[in-house]
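Visitor: A single structure is presented below for examination.
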Amino acid sequence: MDIKGIIFDLDGVLCSTDEYHYRAWKQLADELGIPFDRKINDRLRGVSREKSLEIILEKSSKSYTEEEKRRFADSKNRTYRQLLSELTKNDFPKDVTDTLLRLKKAGKRLAVGSSSKNTPLILERLEIRNLFDAVADGNDIVHSKPDPEVFLLAAKRLGLAPRDCLVVEDAESGIQAGKAGGFYTASVGEAARLGLGDFRLGRLGDLLGMI
């Protein structure tokens with residue numbers, strides 16, 4: 001296996017904004033009178049904003065129009081972006097920075113492949129955009145994971161074929177997307193605990209021992 005490029009999911013892999021997502025969805029659910037807890041929140045990992053909303057609305061006794069759903073999704077995103085103002089470069093783990101720098105020194109091309117439309121804002125707040133050779137995110141794609149579109153675009157922007165890239169993911173939908181696109185896959189976090197992916201990492205730094 002000759003890996004030339006590594007494509008990282010953002011949230012849950014490089015950083016964690018899960019608590020911000022939870023707080024924003026929780027606020028919306030409370031406003032709508034819909035039960036929402038961390039178990040439901042776990043189902044939203046790696047899922048687009050629109051699909052996440054559909055999961056939350058499963059618990060509602062009401063039916064909503066598409067226009068109302070758009071307003072709900074926009075409201076959640078406004079709350080989430082407000083919460084992201086709390087994010088700073090100090091929230092980016094030093095061991096992750098060190099791992100990325102060592103991978104670059106070893107000649108690996110690095111990319112972010114995230115379904116989130118807030119990826120540019122998060123990279124800006126963390127001050128880490130310069131660590132990556134390419135970024136593909138929810139603003140660039142039509143289909144979210146488990147569709148491989150975002151990873152295929154990231155590979156294209158790296159100038160590499162999928163077979164030359166490793167996708168690193170923490171969500172089942174992300175691992176599925178990587179496999180569907182013809183990539184090698186490595187799992188961390190929840191996906192690793194579920195035994196998913198070609199490789200399972202205890203921490204991101206484990207990449208240094210396998211590439």
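We did not get these values from a lab; they are worked out from the coordinates using the rules stated. Quick caveat: nothing in here was measured; it's all calculated off a predicted structure. Cβ placement follows ideal geometry from the backbone for every residue including glycine, while neighbour counts extend to all protein chains displayed.
Visitor: So how many Å³ per residue does the convex hull of the Cα atoms of region 71-136 work out to?
Guide: Numbers: hull volume 5.2 nm³, N = 66.
Here the figure is 79 Å³ per residue.
Visitor: For the residue pair Arg81 and Asn130, what label-to-label distance in nm results when each label sits 7 Å from Cα along the Cα-to-beta-carbon direction?
Guide: Placing both labels 7 Å beyond Cα along the Cβ direction yields 2.6 nm.
Visitor: As a test, work out the antiparallel percent of DSSP beta bridges whose residues both lie in the chain, rounded to the nearest 5.
Guide: 0
Visitor: What is the diffusion coefficient of region 95-211 in µm²/s, taking the Kirkwood radius over Cα pairs and the Stokes-Einstein relation at 20 °C with a viscosity of 1.002 mPa s? Each step should come with its number before you reach the end.
Guide: On the way: Rh = 14.3 Å.
Stokes-Einstein gives a translational diffusion coefficient of 150 µm²/s.
Visitor: Calculate log10 I(q)/I(0) of region 1-74 for q = 0.14, 0.20 Å⁻¹, where I(q) comes from the Debye formula with a single equal point scatterer on each Cα and nothing for solvent.
Guide: Debye curve over Cα of region 1-74, log10 I(q)/I(0) at q = 0.14, 0.20 Å⁻¹: -0.50, -0.86.
Visitor: Further question: Across region 1-158, what fraction of all alpha-carbon pairs, as a whole percent, falls in each successive 5 Å bin from zero upward?
Guide: 1, 9, 17, 20, 18, 15, 9, 6, 3, 1, 0
Visitor: In the structure shown, do any of Lys105/Lys145; Lys89/Lys156; Lys51/Lys117; Lys145/Lys179; Lys69/Lys145 have a Cα-Cα gap over 23 Å, and if so which? Let's see the in-between values first.
Guide: On the way: Lys105/Lys145 30 Å; Lys89/Lys156 28 Å; Lys51/Lys117 14 Å; Lys145/Lys179 11 Å; Lys69/Lys145 20 Å.
From Lys105/Lys145; Lys89/Lys156; Lys51/Lys117; Lys145/Lys179; Lys69/Lys145, over 23 Å: Lys105/Lys145; Lys89/Lys156.
Visitor: I'd like the orientation of helix 18-32 relative to the chain: the angle between its Cα long axis and the longest Cα principal axis, in ° from 0 to 90, rounded to 10.
Guide: So the helix axis and the longest Cα principal axis differ by about 20 degrees.
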